[in-house]
Structures are given as structure tokens and as C-alpha cells.
Amino acid sequence: MSSGPAGERPSRARRLRRVPLRPRLVLIFSVLAATTCAALAVTSYLIVRRARLAEAVDEARRGSFANLRLADNLVLNNPGDLGALARALARPEGFDVVGVQGGQSFQTSEAITPASIPAALQAPVARSRVALVRAQVAQAPYLVVGGRAAPGGPDLYFFYPYGGVVHDLHQLRIVLLAISGLLVVASGFLGLAAARPVLLPIREVAEGARRLQEGSLEVELAEEGNDELADLARSFNQMARALGSTVTDLRGLEASHRRFVSDVSHELRTPLTAMCTSAELLSADLPQLDGETRRAASLLIGEVYRLRRLVEDLMEISRLDAGQPSSPASRSISARRSGTPWPSGGGRARLGSTVVGTSTPTPTPDASTPSWATS
């Protein structure tokens with residue numbers, strides 16, 4: 001069951017790695033800033049909202065208790081006189097009052113009537129308790145406090161508007177959202193600025209690797225600082241130096257190899273010339289030799305031919321390694337590699353610098369030829 005999410009994680013990581021590093025850093029900075037701003041904004045808003053509502057509730061409670069004490073005195077002095085009570089409470093103090101006693105009622109505002117009294121307050125007030133609720137009256141938010149003026153007195157309901165608090169909280173939300181948006185945008189630019197010092201050394205490493213690929217072994221990066229990027233530059237420089245030393249050694253070995261091949265081929269030419277001359281003379285006397293001697297002489301002439309071809313190959317390889325144009329010998333090497341046979345003893349063959357004509361073909365080994373002669 002858990003193989004699905006576990007299998008998705010590598011694919012998500014691969015998709016994220018396909019995104020270039022600069023946009024990735026900007027995205028990470030923006031996400032972190034958005035998360036932080038959202039957490040701070042929500043926390044700040046909840047704290048301020050709770051404080052403002054608690055302040056409004058406390059103010060409503062204090063005002064209500066003060067007005068209930070005033071109403072108690074008025075009811076005791078003028079029992080049953082709701083008009084005097086209404087005139088005493090009808091003061092511009094930022095709240096409205098609705099009084100109910102029996103079938104009579106009074107109100108200090110035309111917008112708020114006894115029908116506006118929340119049903120949740122009527123039961124506690126009937127039990128001579130003071131209660132407070134938040135209600136929407138005439139499409140405006142109010143804190144409604146209800147209580148009984150005195151035993152047997154009217155039920156008084158005080159309506160305290162707190163639309164100002166709601167408006168202030170709305171403005172606070174707008175400000176927090178605006179600040180959060182600005183911080184997210186600023187964090188994006190900060191991610192761009194932070195990506196530059198990170199990407200610049202990486203680009204230098206990529207450029208150095210490209211130059212190494214092109215054959216420039218003198219590449220060296222600046223080693224500034226003690227951070228990970230400086231360690232990367234130092235490691236790259238060490239690698240470049242080691243690679244340069246290895247390539248230099250290989251070039252020296254290659255030069256030594258070319259010199260060795262050239263020296264060997266040239267040193268073999270003098271004894272080879274003598275051997276070819278001897279083989280020419282021996283080839284001319286082949287008809288006068290007996291069977292075993294003739295077969296041995298024929299084998300010797302063939303091996304001289306082979307040695308001459310090997311020396312020519314070495315000289316051609318040395319010439320090609322030195323960058324010189326190919327000679328006719330190189331075409332002969334290609335011909336031999338493609339399967340074209342060399343001249344046999346029955347034709348005209350050049351040994352060294354002398355053309356020798358052989359009237360008798362070179363004998364081929366038969367069943368009586370020793371095994372050393374055919375190896």
C-alpha cells in the first residue's frame with residue numbers, strides 16, 4: 001500500500017532537478033517567505049482580533065453594569081415609571097437601550113426595537129442574570145447585554161455597536177496580506193541575488209571543464225574563501241593539475257615511443273641491407289643446391305622478405321607519427337592488410353635497393369619439410 005507514495009518521491013525529485021538552479025532557489029525562497037508570512041499574519045491577526053473583541057466586551061459589560069445600577073435607583077425611586085427610565089437612559093453614549101416590562105416597552109433608537117432582542121438573551125434575563133451575546137441587528141454587528149433592573153423591574157437590553165472593531169480588523173487583514181505579498185516578492189528578488197554568487201562559481205567550473213575538454217591544460221579557477229564553493233574550486237584545480245601531469249607524461253611516452261620506433265627501423269636498415277644482398281646471392285644459387293639445403297635457403301629468403309616488410313612498416317609508422325606524408329610503402333602496407341599477396345620467388349622482387357630476377361620459383365614446403373622450416 002505504501003509503495004505508491006514511496007515510488008512518487010523519486011519522480012518528484014527528478015522533476016525538481018530538471019528545473020534550473022536559479023528558478024529553484026527563487027521558488028524555495030518564495031515558498032519559505034510565503035509560509036513564514038502566512039504564519040505570522042494569521043497569528044498576529046488572531047491575537048489582535050481577540051484583544052479588540054475582549055476590549056469591546058469588557059467596555060460593554062462595564063457600561064451595562066453602570067446603567068443597570070442607575071436603572072435600579074430609578075426603579076426604586078419611581079416604580080413602574082418607564083418614561084423616566086427611558087429619559088434617563090436616552091443619552092448619547094454610543095449605545096441604544098430597549099426596555100421591556102409586562103406589555104410595555106421603550107426604545108432609545110428607531111432602528112432598534114423590541115423585535116431586535118436576541119432570543120438567546122431572554123431566558124437568562126428572565127432568571128435575573130446578566131448575559132451578553134454578539135448579534136447582527138439591522139445589518140450591523142452589535143454586542144447585546146441584557147439584565148433586569150431590579151426585582152420586579154423592567155428587562156433592559158443594551159446594544160453596543162462594534163462595527164468599528166470589525167472595520168479595523170478588516171483593514172488589518174488587508175495590510176497583513178499586502179505586507180505578506182510584498183515580502184514574498186522581495187524574497188523572490190532575494191533568491192535571485194542569492195543565486196548569483198552560487199551560480200557564478202558553478203559556471204566557472206563548467207567553463208573550466210569545457211576548456212579541459214578542448215585540450216587546454218592550463219585551466220585554473222580562483223580559490224577565494226573557505227566555503228564549499230572554494231573547496232570545489234580547489235578540487236577542480238587539483239584535478240586539472242593531475243590531469244595535466246598525466247597528459248604530459250603520456251605525451252612524453254608517446255614521443256619516446258616514436259623515437260624508439262624510428263631508431264629501431266633506421267638501425268635495422270644496415271644489417272637488413274646486408275641480409276637482402278646475401279639473400280639475393282643465395283637466391284641466384286638455389287638451382288645448384290640439394291634438397292634439404294634448397295628448402296632451408298628458400299625459407300631463409302622468405303624470412304628476409306618478412307623482415308624487410310616489418311622494417312618498412314616500422315619506418316612508415318614512424319613517418320606517420322611524425323606527421324609526414326605517407327610514402328608508397330604505406331600503400332603497400334594497406335595492400336598487404338587487404339589481402340594482396342607479395343611477389344613470390346618466381347617473379348621479380350626488390351631486395352634492399354637491388355632488383356633480382358629468379359628463374360626458379362621459390363619451393364613450397366612438402367611433407368618432408370621439417371617443422372621449423374614452416375613456422
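The values are calculated or read from the model by the stated rules, or taken from the named source; none is laboratory data. All figures in this text were calculated on a predicted structure; none of them were measured in a lab. Quick reminder, even Gly has a Cβ in these numbers, built from the backbone with ideal geometry, and neighbours come from all protein chains shown.
Taking the stated definitions as given, is SER116 outside the structural domain of ARG62 (by TED's automatic domain parsing) and surrounded by 16 or more Cβ atoms within 10 Å (Cβ to Cβ)?
No; evaluated as a whole, the condition is false for this residue.
For the range 119-170, enumerate the residues that are hydroxyl-bearing (Ser, Thr, Tyr), over 17 Å from ARG50 (Cα atoms) and either assigned to a strand (DSSP E or B) or modelled with pLDDT of 90 or more (or both). Scanning the range 119-170 gives TYR157, TYR160.
The set of residues from the range 139-170 being surrounded by fewer than 23 Cβ atoms within 10 Å (Cβ to Cβ) and touching a Ser or Thr at 6+ places or on another chain (Cβ under 6 Å) comprises just one member, ARG148. Is the range 218-231 home to any residue that is surrounded by 11 or more Cβ atoms within 10 Å (Cβ to Cβ), of a type outside the set (Phe, Trp, Tyr), in a loop (DSSP other than H, G, I, E, B) and touching a Leu at 6+ places or on another chain (Cβ under 7 Å)? Within the range 218-231 (the criterion being surrounded by 11 or more Cβ atoms within 10 Å (Cβ to Cβ), of a type outside the set (Phe, Trp, Tyr), in a loop (DSSP other than H, G, I, E, B) and touching a Leu at 6+ places or on another chain (Cβ under 7 Å)), the answer is yes, since at least one residue qualifies. Can you confirm whether the range 267-278 contains a residue that is modelled with pLDDT under 85, surrounded by 12 or more Cβ atoms within 10 Å (Cβ to Cβ), β-branched (Val, Ile, Thr) and closer than 24 Å to LEU307 by Cα? Yes, the conditions are met somewhere in the range 267-278.
Would you mind stating whether LEU53 is modelled with pLDDT of 90 or more and touching a Phe, Trp or Tyr at 6+ places or on another chain (Cβ under 8 Å)? It is true that LEU53 is modelled with pLDDT of 90 or more and touching a Phe, Trp or Tyr at 6+ places or on another chain (Cβ under 8 Å). Given the structure, is ARG210 charged (D, E, K, R), at pLDDT below 85 and not assigned by TED's automatic domain parsing to the domain that holds ALA51? No, not satisfied.
Restricting to the range 28-68, name every residue that is surrounded by 12 or more Cβ atoms within 10 Å (Cβ to Cβ) and of a type in the set (D, E, K, R). Result: ARG49, ARG52, GLU55, GLU59, ARG61. Inspect the range 271-279 for any residue being outside any helix (DSSP H, G or I), out of contact with any helix residue (DSSP H, G or I) (no Cβ under 8 Å at 6 or more places or on another chain) and without any contact (Cβ under 8 Å) to a residue 40 or more places away in the chain and give the result as yes or no. The answer is no, given that none of the residues of the range 271-279 is outside any helix (DSSP H, G or I), out of contact with any helix residue (DSSP H, G or I) (no Cβ under 8 Å at 6 or more places or on another chain) and without any contact (Cβ under 8 Å) to a residue 40 or more places away in the chain.
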